[in-house]
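Structure first, then comments.
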Amino acid sequence: MNPQTSPPSLKKLTEIFFRIGNTTFGGGYVTIGMLGRELVDTRRWISAEKFDLAFALARVTPGTNLIAFCAAIGALICGVAGAVAAVVALTAPSSALAVLIMQGFESWQGNRIAMAAIGGTVAAVAGMMWSTIWVILRPHVGGLTWKGMTRNLQVVLITGGAFVASRIFGLTPLPIILAGTLIGFLWKDAHQDNDRR
């Protein structure tokens, strides 16, 4: 059966979170990007809008955002059981592996080959993070029409403003996300009013 037409099941959801969570390297954003490709683009189990909402809400929760995100996505697809399955499948094996790697890290610090490999890993992760940013922003990018270019300007201004607010002014995620939500809502309302005229 084509994965795009197969209905969601708890077993398949668990397999997907286990596979992606334990074979994707580079941190939470890379994992979120891979989950987006699998669950939104390939299988179409969840809409891009709900995926984006889960991502935004996970950013304002305390603790590890990736765990909150996976719980939200699992719940949206398969209810409470999906939330539990997603979190356990994603975290249990990788947590055990992280403990083992950290135990060996002390002995690797003096090894030039190991440190060069870690440097290459960091560079690769940076590229994957930019890929994840594109996966999240792509549904909100418009075309070359006037309306599309206005939407592109909105994406650039909100994204750039959030970067400046976080990086330069040190604001926490909550006020940045709330400001972005308010700007997006007001800007969208203005477009809808213009379309009605």
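Observations on the model:
- Of all the numbered requirements in (1) at pLDDT 80 or above; (2) farther than 22 Å from Gly27 by Cβ; (3) assigned to a loop (DSSP other than H, G, I, E, B), Gly170 misses one, and that requirement is (2).
- Evaluation of Thr132 against (1) within 20 Å of Thr24 (Cα to Cα); (2) at pLDDT 75 or above (one fails), failing number: (2)
- Filtered residues of the range 63-87 (kept if surrounded by fewer than 16 Cβ atoms within 10 Å (Cβ to Cβ) and more than 16 Å from the chain's Cα centre (by Cα)): Gly79, Val80, Ala81
- Only one entry of Ser47, Ser94 meets the criterion of being among the hydroxyl-bearing types (Ser, Thr, Tyr) and farther than 18 Å from Val135 by Cα, and that entry is Ser94.
- Residue within the range 31-44 that is in contact with a Pro (Cβ under 8 Å, 6 or more places away or on another chain) and surrounded by fewer than 20 Cβ atoms within 10 Å (Cβ to Cβ) present: yes
- Which listed residue, of Phe55, Phe51, is more than 19 Å from Ser94 (Cβ to Cβ), among the aromatic types (Phe, Trp, Tyr) and touching a residue at least 40 places away in the same chain (Cβ under 8 Å): Phe55
The values are calculated or read from the model by the stated rules, or taken from the named source; none is laboratory data. Keep in mind it's a predicted model, so treat the numbers as computed, not measured. Quick reminder, even Gly has a Cβ in these numbers, built from the backbone with ideal geometry, and neighbours come from all protein chains shown.
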